[in-house]
Amino acid sequence: MGTSGGQTNTLEVDIDRLWRDLMASAKIGPGRTVGLNRPALSTADGEMRDVFVGWCKDAGLSVSVDKVGNIFARRDGTENTLPPVAMGSHLDTQIAGGRYDGILGVLGGLEVIRTLNDRNITTRRPLEVICWTNEEGARFQPPMMGAGAFAGLHTLDWVLDQTDDDGCRFGDELERIGYAGDAKLSGHDLDTYFELHIEQGPELEAEGLPVGIVTGGFVAFGSQVQFQGETAHSGPTPMDKRRNALVGAAYLIAAVNDIGWKYHPDARSTTTRIQLWPNRYGILPDWADVTVDIRHPERKTAEKMAEEVRAAIAEAGRKGNVDVEVVKEWEFGCDDFSTDCIDLLRTKADELGIPHKDMLSQAGHDAYHVAKVVPTAMIFSPCRDGTTHNENEHIEKEDTHPAVNLLMHAVLERANRS
Ligand code: HGY
Ligand code: MN
Ligand code: MN
């Protein structure tokens with residue numbers, strides 16, 4: 001049995017090996033320029049999953065896949081009846097995504113495993129590296145769907161029946177890429193879950209800090225809203241006879257933006273997409289579908305904003321003289337992170353001499369949902385200018401190394417605790 005936590009403070013991950021993996025991943029599902037276009041359950045997502053599973057098997061891990069495609073790669077410990085300590089994040093990206101959002105957390109976890117293998121270090125509890133399905137919600141809303149199903153927020157049938165803009169069904173796409181697993185959604189016990197993720201904000205870089213310890217997350221409310229009007233000719237139809245779905249959507253889009261400014265600077269309010277039919281010259285659209293995303297660090301204010309959005313939805317239908325319906329709603333936010341695990345991260349960072357700060361996450365993460373059922377904590381690493389959901393997302397190897405080391409030492413401590 002190798003060292004299990006003895007002389008391990010000199011233990012460091014091989015950051016060059018991790019970078020090789022990150023650069024290899026960056027070639028799978030290339031975007032328009034330097035980033036990625038690898039939405040969940042796309043062919044590229046399937047290819048990336050296959051590569052990841054291959055790397056896991058090469059590292060001696062046993063791989064299982066659950067019924068929504070979450071991948072669990074396991075390294076046995078010395079006491080395998082104990083639930084595993086897990087690391088992970090997501091490999092799917094936005095369609096104009098960066099190379100590191102989510103991917104660093106999955107491949108960073110695999111690098112931890114490889115380092116323990118190299119040094120012949122065993123742990124008391126087993127370890128797992130997890131790839132959650134559809135974190136981004138780029139094709140199938142809501143986001144964090146795989147982790148949400150794992151945490152019991154969504155039923156299996158509901159997830160499998162979600163469709164994308166082309167009417168492709170989640171369950172069919174999962175079959176098509178070969179990741180409709182047979183492992184049950186519930187009952188996959190985890191002892192702890194640590195998620196390493198780029199900050200997706202400018203604070204760590206601006207303060208020259210290599211690590212953020214995430215104490216909570218902005219509360220977010222999302223809704224998919226549909227407007228139903230009537231097609232008509234844009235020439236002969238008098239203004240008082242129109243039922244233009246795009247006008248209803250436009251009133252809502254402007255109102256959502258105003259609500260964000262009303263609660264500025266801490267609020268975020270966005271209409272991120274619109275679909276329209278027929279969306280052609282000379283004919284009024286009779287159907288519009290918009291997705292609204294509002295966020296705030298305080299739940300009370302986020303709920304107030306959500307109430308104002310609901311009022312704006314009704315008002316937009318009235319002013320646009322069209323019918324309006326909220327077809328889907330979701331929320332996420334996190335004040336469920338484990339204080340024990342947060343304290344462990346702080347202690348380990350101090351022991352390792354890694355400067356760090358506590359901070360909130362403004363983006364959503366799989367860890368938000370996992371935290372509902374498993375003791376969970378998150379580690380942030382710096383990203384340039386905070387640029388993200390943008391192909392120019394960029395991180396530096398040296399700046400990222402400490403956070404990956406912290407992940408490894410926290411996992412080791414947690415896996416070997418009595
Ligand atoms: O919505 C989010 O914040 C995450 O990127 N899915
Ligand atoms: Mn992410
Ligand atoms: Mn993202």
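Details
- Close pairs (6 angstrom Cβ cut-off, 6 or more residues apart or separate chains): closer than 15 Å to P39 by Cα in the stretch 154-182, among the small types (G, A, S) anywhere: L174/G69; L174/A180; I177/G46; Y179/G69
- Summed over the stretch 83-119, residues that are assigned to a strand (DSSP E or B), away from ligand 1 (no atom under 16 Å from the Cβ) and touching a helix residue (DSSP H, G or I) at 6+ places or on another chain (Cβ under 6 Å) total 2.
- Odd one out for R38, checked against (1) away from ligand 1 (no atom under 16 Å from the Cβ); (2) under 16 Å from V106 (Cα atoms): (1)
- Residue in the stretch 136-154 that is in the same structural domain as T43 (by TED's automatic domain parsing), under 20 Å from P83 (Cα atoms) and charged (D, E, K, R) present: no
- The set of residues from the stretch 83-104 being among the small types (G, A, S), within 11 Å of ligand 3 (Cβ to nearest atom) and under 19 Å from C56 (Cα atoms) comprises S89, G102.
- Test for G97: is it crowded, with 24+ Cβ neighbours inside 10 Å and touching a Leu at 6+ places or on another chain (Cβ under 7 Å): yes
- Scan of the stretch 120-142 for residues that are basic (K, R) and more than 16 Å from ligand 1 (Cβ to nearest atom), ordered by number: R124, R125
- In summary, V68 fulfils each of the numbered conditions (1) part of a loop (DSSP other than H, G, I, E, B); (2) within 18 Å of I395 (Cβ to Cβ); (3) not polar (S, T, N, Q) with the single exception of condition (2).
- Within the stretch 219-266, being surrounded by 16 or more Cβ atoms within 10 Å (Cβ to Cβ), in contact with a Pro (Cβ under 8 Å, 6 or more places away or on another chain) and of a type outside the set (S, T, N, Q) holds for V219, G222, G229, A245, L246.
- Condition met for G187 (in a loop (DSSP other than H, G, I, E, B) and away from ligand 3 (no atom under 16 Å from the Cβ)): yes
- If you go through the stretch 52-75 and keep only what is open to solvent by 30 Å² or more (accessible area, probe 1.4 Å) and on the phi > 0 side of the Ramachandran plot, you end up with just G60.
- Here N80 passes the criteria (1) touching a residue at least 60 places away in the same chain (Cβ under 8 Å); (2) open to solvent by 40 Å² or more (accessible area, probe 1.4 Å) except the one numbered (1).
- Meets criteria (within 20 Å of the chain's Cα centre (by Cα) and either away from ligand 2 (no atom under 14 Å from the Cβ) or hydroxyl-bearing (S, T, Y) (or both)) for V63: no
- Wholly enclosed helices (runs of 4 or more DSSP H) of the stretch 299-418 bearing at least 1 residues closer than 16 Å to Q200 by Cα and open to solvent by 40 Å² or more (accessible area, probe 1.4 Å): 397-416
- Residue count for the stretch 270-298, restricted to those that are touching a residue at least 40 places away in the same chain (Cβ under 8 Å) and open to solvent by less than 80 Å² (accessible area, probe 1.4 Å): 18
- The residues listed here are D286, D293, D340; of these, the one that is within 30 Å of L406 (Cβ to Cβ) and at pLDDT 95 or above is D340.
- Taking every residue in the stretch 188-204 that is open to solvent by 20 Å² or more (accessible area, probe 1.4 Å) and pairing it with any residue that is within 16 Å of ligand 1 (Cβ to nearest atom), at least 6 positions away or on another chain, the pairs with Cβ-Cβ distances below 6 Å are Q200/A363; Q200/T388; P202/G386.
- Answer residue from the stretch 205-218, given it is open to solvent by 10 Å² or more (accessible area, probe 1.4 Å) and not in a loop (DSSP other than H, G, I, E, B) and is nearest to ligand 2 (Cβ to nearest atom) among those: F218
The values are calculated or read from the model by the stated rules, or taken from the named source; none is laboratory data. No experiment lies behind these values; they were computed from the predicted model shown. Cβ atoms come from the backbone with ideal geometry, glycine included; neighbour counts cover every protein chain shown. Calculation scope for accessible area: heavy atoms of the full protein, side chains included, ligands and nucleic acids excluded. Shrake-Rupley method; radii C 1.70, N 1.55, O 1.52, S 1.80 Å.
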